[in-house]
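Worksheet: the structure to be examined is printed underneath.
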Amino acid sequence: MSLSEFDSYRPPEPPRRRRRDGARRRGTGPGGGGDGAREMPMVPEPEFTSYYGRPVVKPAPWGHEVAAYLFLGGVAGGSALLALGGQLTGRDALRRNARLGSVTALALGGAALVKDLGRPERFLHMLRTFKPTSPMSMGTWILSAFGAGMGITVAAEADRMTGSRLPLGPLRPVLRAVEGPAGVEAAVFAGPLAAYTAVLLADTATPTWNEAREDLAFVFVSSASLASAGLAMITTPVDETGPARRLAVLGVVGDLVATRVMEHRMDPVAAEPLHEGKPGAMLAWSERLAVAGGLGTLLGGRHRAVAAVSGAALLAASALTRFGVLEAGLRSAEDPRYTIEPQKNRLAARRAAGITDDSITTAG
Amino acid sequence: MGQLAGPTDPAADAHWEHQHPRKGFFTDTSICIGCKACEVACKEWNQNPQDGDLQLLESSYDNTGALGASTWRHVAFVEQDGERIEEARESGRALVSLGMPRVGPPEARAAAEPGDSTPPDTPEFRWLMSSDVCKHCTHAGCLDVCPTGALFRTEHGTVVVQDDICNGCGTCVAGCPFGVIERRTDGTAAPRTEREGRPGSEPAVPNVGVAQKCTLCYDRMVDDQTPACAQTCPTTSIKYGDHDDMVDQARQRVAEMHAQGRTEARLYGANELDGVGGTGSVFLLLDEPEVYGLPPDPRVPTADLPRMYRRAGLAAAGMLAAAAVAFVGGRS
């Protein structure tokens, strides 16, 4: 209680910022909201100190283009698997549409990636090394190998769709002969294409991405599966999309399970950005749309219109997952709390376990 | 592929055939006076452009903000009261009682003045000043994740960007556990026509769109010159030399300060068992690292990369299996 008249200008009491995890709130007394019944702290809770609240790590300079690429790369990869399935089981419309969808997604995604570079004219520098320690380098090679295979299959499709009018000359039989193997080759790189982006994000110092490193790949491949299945359900008649519907349902189940497992294993502080603000809303909607799309597929997938609407919901769910995860990571880098608290916690945990020789801070 | 974690000689790990000693900084923040001459010398020598607008940031005398693409030395200013000083002293003492390795030569500790062990500085208030710089890690996150090979390990064990190779993908920015490297933007709000100068002339801001950071003055180093910041530092707070010598000096200095009762002194980056394999730039700090904006337990993300690849491989196999089940499972 203060007698100063200036206290009448005090702002309304903000809710105290606390960790979500109840188990960690040792010794902080009974909980309670900002009901005005208790003393308001004049300084922020001393949970951690930072340098004027400035970030410790820098967020990647990645905009929406990269999130769009994460989504489109997944669609391209999943569609290649559907195309191979169509190729092997004689579902011609599914094969053709999935191939076209895959290459379109790949081209758009690649363009988005190049656009996001600081020096787009140097994009080919990506191919001057083969560097296993760099997920971006590995991804470039996966993308190139995948693109080569898909390119061949789509050239064959285009030739077939135009009634063999492409000026191929003696190369036409060659194209027809390599079309099948090229589809298999692309499918080999489809899974890695959908999964490597998770490693790309996790192999950074960005707290939320790095903490998700165990399970983010499972979220991403599930998301890629349901999105590519959704695209096939939009583009292809229902009598050929039975496998796509099953893949969609598997993808939705995988997405829901993997997301929960991932968040459960993350440091609770580093997982917070996945639930807060705009990224939190995007991820929540992603889940709702995935469930809705999955149910629609399961219950009405044999109806063309229902299948198309469900497919659109699945595509939107996948896009929201990627945008949400990307933005949550960027936010976690902008607030020093997400860097410092998990690091202090793990350092303290190691010290408590008797490991005292691996701290960057030493007494001498 | 070199070693991903643990103690190593980074230049040898990068397959340099000629043996050069690893070079590094020792920044002794206890004798930094916050003059920012290092910031100025760095900008002058490396011809780095202005970073943002000229603004007062309301953070003591620090109006630079943070390390970045065009700021390769950054002097931090922290103002602390007596209570906080005591806390720092206590946390430093806790480090000692944890049995942290003390490799400093015992004679240096014995030689410190016996008798009066009261800390010499003002008890009610202190200013922490620290010149931060790229750590030139033994296992550098930025270098590991760079897809173009633009970042490379020099023969002196430092990490340098090749401006003409980098395509500005930005992966290194996220890969650095210390938030040092950054992609350079033009940094000004002026219209492009005014910014670029005359057509055909050098643009006002070089290397726009490319990742930039401290090179430990590679161009000076290959000529046996001291980096600009260390050369200009009036109090020798920034020392430059062979990495091993720097670590030895740092250990002697911290032992000396502890003997004076200043237990708040501690080293940052001198332990090769830490998450980045030890840093090339070693610091003597007077409080917890996060007070200076440094991460308390940095870990190079690539250390976990093999595991991440395995998990991603498993996920990709799972996706393939799901697709196979979708086609082979209930044939409808």
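Could you give every pair whose Cβ atoms fall below 8 Å, whose first residue belongs to region A:301-321 and is within 10 Å of A:MET233 (Cα to Cα) and modelled with pLDDT of 95 or more, and whose second residue is assigned to a helix (DSSP H, G or I) and charged (D, E, K, R), counting only separations of at least 6 or pairs across chains? Here the result reads A:ALA307/A:ARG245, each pair linking region A:301-321 to a residue that is assigned to a helix (DSSP H, G or I) and charged (D, E, K, R). Checking each residue in region B:288-312 for being small (Gly, Ala, Ser) and either over 24 Å from B:LEU143 (Cβ atoms) or not in a helix (DSSP H, G or I) (or both) picks out only B:GLY293. Screening region B:141-161 for residues that are β-branched (Val, Ile, Thr) and within 14 Å of B:THR171 (Cβ to Cβ) and picking the one that is surrounded by the fewest Cβ atoms within 10 Å (Cβ to Cβ) gives B:VAL161.
With A:LEU124, A:LEU100, A:LEU84, A:LEU72 as the choices, which residue is among the hydrophobic types (A, V, I, L, M, F, W, C), free of Cβ contacts under 8 Å to residues at least 24 places away in the same chain and either in a helix (DSSP H, G or I) or facing chain B (nearest Cβ under 8 Å) (or both)? Walk me through how you get there before you give the answer.
Working: A:LEU100 fails: free of Cβ contacts under 8 Å to residues at least 24 places away in the same chain; A:LEU84 fails: free of Cβ contacts under 8 Å to residues at least 24 places away in the same chain; A:LEU72 fails: free of Cβ contacts under 8 Å to residues at least 24 places away in the same chain.
The conditions single out A:LEU124.
Which residue is surrounded by the fewest Cβ atoms within 10 Å (Cβ to Cβ), if the candidates are limited to region B:203-245 and must be within 14 Å of another protein chain (Cβ to nearest Cβ) and part of a loop (DSSP other than H, G, I, E, B)? Full working, then the answer.
First, pick out the residues of region B:203-245 that are within 14 Å of another protein chain (Cβ to nearest Cβ): B:203, B:205-213.
If we keep only those that are part of a loop (DSSP other than H, G, I, E, B) too, we end up with B:203, B:205-210, B:213.
Details: B:PRO203: 13, B:VAL205: 20, B:PRO206: 15, B:ASN207: 22, B:VAL208: 20, B:GLY209: 21, B:VAL210: 21, B:LYS213: 25.
Filtering first and then ranking leaves B:PRO203.
In the set (1) at the interface with chain B (Cβ under 8 Å from one of its Cβ atoms); (2) of a type in the set (Val, Ile, Thr); (3) in contact (Cβ under 8 Å) with a residue 24 or more places away in the chain; (4) surrounded by fewer than 20 Cβ atoms within 10 Å (Cβ to Cβ), A:THR129 fails one condition alone, (3). Determine whether B:GLU44 is surrounded by fewer than 20 Cβ atoms within 10 Å (Cβ to Cβ), of a type in the set (Asp, Glu) and not in a loop (DSSP other than H, G, I, E, B). Answer is yes for this residue. Name every residue in region B:303-324 that is facing chain A (nearest Cβ under 7 Å) and either more than 44 Å from the chain's Cα centre (by Cα) or within 26 Å of B:ARG73 (Cβ to Cβ) (or both), in order of residue number. Matches in region B:303-324: B:ALA322, B:ALA323.
Taking the criterion of being touching a residue at least 40 places away in the same chain (Cβ under 8 Å), within 30 Å of B:ALA317 (Cα to Cα) and surrounded by fewer than 20 Cβ atoms within 10 Å (Cβ to Cβ), would at least one residue in region A:166-181 satisfy it? Within region A:166-181, one or more residues are touching a residue at least 40 places away in the same chain (Cβ under 8 Å), within 30 Å of B:ALA317 (Cα to Cα) and surrounded by fewer than 20 Cβ atoms within 10 Å (Cβ to Cβ).
So which of A:GLY118, A:GLY109, A:GLY147 ends up being under 19 Å from the mean Cα position of the chain (by Cα), in contact (Cβ under 8 Å) with a residue 40 or more places away in the chain and under 30 Å from A:ALA60 (Cα atoms)? The conditions single out A:GLY109.
Filtered by the rule that a residue be polar (S, T, N, Q) and either out of contact with any strand residue (DSSP E or B) (no Cβ under 8 Å at 6 or more places or on another chain) or in a loop (DSSP other than H, G, I, E, B) (or both), region B:252-287 gives B:GLN252, B:GLN260, B:THR263, B:ASN271, B:THR279. Please work out which residue is nearest to B:THR138 (Cα to Cα), limiting yourself to region B:262-287 and to residues that are charged (D, E, K, R) and facing chain A (nearest Cβ under 7 Å). Once the filter is applied, the top-ranked residue is B:ASP274.
Return yes or no: is A:THR133 touching a Gly at 6+ places or on another chain (Cβ under 6 Å), within 30 Å of A:ALA271 (Cβ to Cβ) and not in a helix (DSSP H, G or I)? So A:THR133 does not fit the description; no.
Per the listing A:GLY354, A:GLY329, the residue uniquely modelled with pLDDT under 95 and either of a type outside the set (Ser, Thr, Tyr) or under 27 Å from A:ALA229 (Cα atoms) (or both) is A:GLY354.
The values are calculated or read from the model by the stated rules, or taken from the named source; none is laboratory data. All figures in this text were calculated on a predicted structure; none of them were measured in a lab. Glycine gets a Cβ as well: all are built from the backbone with ideal geometry, and neighbour counts include every protein chain shown.
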